[in-house]
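**Q** Before I ask anything, here is the structure I am working with.
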There are 2 protein chains.
Amino acid sequence: MTTNKDTNTEQAILEAAKIVFVKKGMEGARMQEIADEAGINKAMLHYYYRSKDKLFEAVFTETFSKLVPNLIEIVKTDISLFDKIRIFVGNYIDIINENPLIPAFIIHELNRNPDRVVELIKSSGINPIFFINQVEKEIIEDIIEPVNPLHLMVNMLAMCVFPFVARPILEGVIFNEDREQYEIFIQERKKEVCDFIINSIKKK
Amino acid sequence: MTTNKDTNTEQAILEAAKIVFVKKGMEGARMQEIADEAGINKAMLHYYYRSKDKLFEAVFTETFSKLVPNLIEIVKTDISLFDKIRIFVGNYIDIINENPLIPAFIIHELNRNPDRVVELIKSSGINPIFFINQVEKEIIEDIIEPVNPLHLMVNMLAMCVFPFVARPILEGVIFNEDREQYEIFIQERKKEVCDFIINSIKKK
DNA sequence: TATTGGTTTAACTATTTGGTTAAACCAAGT
DNA sequence: ACTTGGTTTAACCAAATAGTTAAACCAATA
């Protein structure tokens, strides 16, 4: 009947909604602002996505899934723990660096609707057991020092995510609003965090 | 003129507002909900604090200052880096554990109003230079391995804060909603994080 | 007891905001 | 050219919500 201009508009809405929702969270975002961002009328949002809730749901699911698949692959790959940590940390930091507001977005939603987020994670294929098993295996094989695998994993994730969540603080308090320096810092971290972890668990 | 019942009410409002704001953020919170929580009329909120903004400001400043002074003392104390890390991590985790929603609250506000938060931090007396200097000193004195002090500091903060921000994920995905296990995990971390850090930077 | 002045309440207002609707628009098919 | 059916718009509605106001309340005190 007509061209699939609908796909364009629908996608444009999603992109705009992503920008606004990720920045302001569900409650902070205004439908009007999303419409403006997409350069369309407010009624279009409802035409394509029924309600604010539905639109948010679409944005959240899409945003979340951007973070996951790559990392699942890495964790399942059959390589040494040290290599795995290097690749995981490097990729994770790179991915977040491309969408640096995502962590705060997920944290906000995690507070607002913990069950949904947990459910999403569970059904995403993320399973910490792979990583934990490998750590335990390499401890037994005397490749690394004894270490609690769960704490190790949480430490790794923490060090990757935190600098993005705390970006305004780092940029404002440490780097005197110099974005360049902050970006260098983030790039450094890919090596720095790995060295820090491996240094801590390697056999002496 | 009258008793200082006003102080009671004013304080009651602040407590109630803290609970609601910390949990739901500025936009998610409703004045009516705060009034209900305080067991008073909605108009009282405006009588004592003029506007939602002003009330939020009061809550945020108070909440933030709960986090800071203790830690500033520790950082300035003249003890070895290892001792300092042990005390800092232990105290920081304990303090947050008493108000576990504060980190997410600050993160949310950090996104909404970065400048205000950065200003507040700057004027709070927090100064990373003390910590950084000590790290550099102990490197020169050959007490610890060479390490980038800034990354070290960020790593430490990250590992302390992250488990609270990600609590629903840990509890839901790792501990199968068993709050007890999560609490044990947090307690373990006070030792685990310190060992992890010190292990990484100590001379071999 | 009557006055005073801060405190509290209930009812009200103005505005914001998510959502609806009916009509206009436009590209494709006949 | 005209019909058709999805797309887009402007105007509108209803609910939610921050904020206001005027009157009632109450404890101290003269």
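Bear in mind these aren't lab numbers, they're just calculated from the coordinates by the rules spelled out. Just so it is clear, the structure is predicted and the values come from calculations on it, not from any experiment. We place every Cβ from the backbone using ideal geometry, glycine too, and count neighbours over all the protein chains shown.
**Q** With every atom except the alpha carbons ignored, what do you get for Rg and Dmax of chain A, in angstroms?
**A** 20.2, 71
**Q** Between the DSSP loop rule and a limit of at most 15 other Cβ atoms within 10 Å, which trypsin sites (Lys or Arg not before Pro) in region A:1-74 are left?
**A** Here the sparse-neighbourhood loop sites are A:ARG30, A:ARG50.
**Q** When B:SER123, A:SER200, B:SER80 are ordered from fewest to most other Cβ atoms inside 10 Å of their Cβ, what list results? Display every interim value, and only then the final one.
**A** Working: B:SER123 8, A:SER200 20, B:SER80 12.
With the fewest neighbours first, B:SER123, A:SER200, B:SER80 line up as B:SER123, B:SER80, A:SER200.
**Q** Using the Cα centre of chain B as the reference point, and only Cβ charges (+1 on K/R, -1 on D/E), how large is the resulting charge dipole? Debye, rounded to the nearest 20.
**A** Details: 25 positive and 31 negative charges, 71 e Å.
That gives chain B a dipole magnitude of about 340 debye.
**Q** Normalised by the residues of region A:68-201, what does the relative contact order come to in percent, with Cα pairs under 8 Å and at least six apart? It would help to have the intermediate numbers written out before the result.
**A** On the way: 81 pairs, mean separation 45.0, N = 134.
Taking the mean separation of contacting Cα pairs over the length of region A:68-201, I get 34 percent.
**Q** So, in nm, how far is label B:ASN91 from label B:LYS204 when the simple model puts each one 7 Å beyond its Cα toward the Cβ?
**A** 3.3
**Q** Taking the number of other C-beta atoms within 10 Å as the exposure measure, put B:TYR48, B:TYR92, A:TYR47 in order starting with the fewest. Mind dumping the intermediate values first?
**A** On the way: B:TYR48 18, B:TYR92 21, A:TYR47 14.
Listing B:TYR48, B:TYR92, A:TYR47 from fewest to most nearby Cβ atoms yields A:TYR47, B:TYR48, B:TYR92.
**Q** Lysines near B:LYS24 by alpha-carbon distance under 22 Å, same-chain residues fewer than 8 away left out - which ones?
**A** Of all the lysines, those that pass the test against B:LYS24 - Cα under 22 Å, at least 8 places apart if same chain - are A:LYS18, A:LYS23, A:LYS24, A:LYS52, A:LYS54, B:LYS42, B:LYS52, B:LYS54, B:LYS66.
**Q** Rank these for me by crowding, A:HIS108, B:HIS151, going from fewest to most other beta carbons within 10 Å.
**A** On the way: A:HIS108 23, B:HIS151 19.
Going from sparsest to densest Cβ surroundings: B:HIS151, A:HIS108.
**Q** Here's a follow-up. Any idea how far the Cα center of region B:13-56 sits from the one of region A:42-65, in Å?
**A** If we compute the Cα centre of each part, the gap is 30 Å.
**Q** Continuing with the same structure: For chain A, what does the helix formula give at 222 nm: sum of -39500 (n - 2.57) over DSSP H segments with n ≥ 4, over the residue count, nearest 500 deg cm²/dmol? Can you show the working numbers first?
**A** Details: 11 runs with 154 residues, N = 204.
After summing the helix terms and dividing by residue count, I get -24500 deg cm²/dmol.
**Q** With Rg and the Kirkwood Rh both taken from Cα atoms, where does Rg over Rh land for the protein assembly as shown? Mind dumping the intermediate values first?
**A** Numbers: Rg = 22.9 Å, Rh = 23.2 Å.
Rg/Rh: 0.99.
**Q** How far is helix A:102-112 tilted off the main Cα axis of chain A, in degrees rounded to 10, range 0 to 90?
**A** 80
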